[in-house]
Amino acid sequence: MEGKSRGLCLIINNRIFHKLNERKGTDIDSFNLRCLFEGLGFSVLPEKKDQTVRQMTEELQSFATRPDHGDCSVVVILSHGTWRNGDEVYGVCGEPEGGDTLNFNSVLEMFGKQKAPALKNKPKLFIVQACRGSKTDFGVSRDKPDSGFNDKETSHLKPMTALSVAQDESDAQPVVLPMKEKDPDLGDSIVCRSTMPGYKSWRNEVRGSWFIQSLIEVFMNNAHRDNILELLTEVNCLVARRYQALGAKQMPVFESSLIKAMYFNPAAEE
């Protein structure tokens, strides 16, 4: 990212719920994230605090359609969550207003090229600190040093030809479209989540969540050098190695639809 204005950052921070436990420690996560992204050159909008599902939806739609986005956008959601039809994030009401949960796939759709034209072909970073179920990861014994992972040789693989592409099939019902160059509507995103599907996410009442603590530490130390995938891999390692509570562990996960490397490079700007 080379523009003078790196972009906008939206933080949704749900702490007090009508029917769920208070998320103590989330305010320190929100404050530290604001400091982090301001330091990386982003304009961080005023925090959206204790939102219902309807309010979250409206804020996200409004943010996605803004015309003044820079090189990149950042969306942070700090809330309770669960796993039903994919990732579901709770609003503070728990049920009536706008439904009891926000499906995260619907969030990604808000930031597609058609609905968010100012973000077309620009990287979009989503950070989600929320449970994704009720299971607890109790870990396994670490009985030997990690072994390195060597990339397998891929020189024997042939490039895909036009014929091989035409033979690809989908498990869904086929849709016949005119042969015209297009880009996927939902690309250019990276979603980093605090835990694996189905599992709990842990938070310290004083220091904040394990995931956000680690993300801030890694980004502050290495964002001048490493790309986003390298940074998030380091975050995964830090959470996996450093934290444990009541015998429980936690494993963050991220998924990327970026088509080129993304660097923050805050030191490069004069």
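The values are calculated or read from the model by the stated rules, or taken from the named source; none is laboratory data. As the structure is a computational prediction, the values presented were derived from the model and not from experiment. Because the Cβ atoms are built from the backbone with ideal geometry, glycine has one as well, and the counts that use them run over all protein chains shown. Ligands, DNA and RNA are excluded from the accessible area calculation, which covers all protein heavy atoms including side chains. Shrake-Rupley method; radii C 1.70, N 1.55, O 1.52, S 1.80 Å.
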Study note, to complete from the structure: Within segment 16-65, residues being outside any helix (DSSP H, G or I) and of a type in the set (D, E, K, R) number 8
Review point. Is it the case that some residue within segment 240-261 is over 24 Å from Cys131 (Cβ atoms) and of a type in the set (Val, Ile, Thr)?
Key: yes
Review point. Out of all the residues in segment 46-57, is one or more within 27 Å of Asn265 (Cα to Cα), surrounded by fewer than 21 Cβ atoms within 10 Å (Cβ to Cβ) and of a type in the set (Ser, Thr, Tyr)?
Key: no
Review point. Looking at segment 192-202, which of its residues are open to solvent by less than 70 Å² (accessible area, probe 1.4 Å) and either without any contact (Cβ under 8 Å) to a residue 60 or more places away in the chain or among the charged types (D, E, K, R) (or both)?
Key: Arg193, Trp202
Exercise for review: Considering only residues that are of a type in the set (Lys, Arg) and closer than 20 Å to Val235 by Cα, look in segment 99-143 and name the one that is most open to solvent (accessible area, probe 1.4 Å).
Suggested key: Arg142
Exercise for review: Report, by residue number, each residue of segment 89-104 that is at pLDDT below 80 and under 18 Å from Leu78 (Cβ atoms).
Suggested key: Gly94
Study note, to complete from the structure: Pairing a residue in segment 242-259 that is over 24 Å from Gly112 (Cα atoms) with any residue that is small (Gly, Ala, Ser) and surrounded by 14 or more Cβ atoms within 10 Å (Cβ to Cβ), where Cβ atoms lie under 6 Å and the two sit 6 or more apart in sequence or on different chains, gives Met251/Ala240; Pro252/Ser194
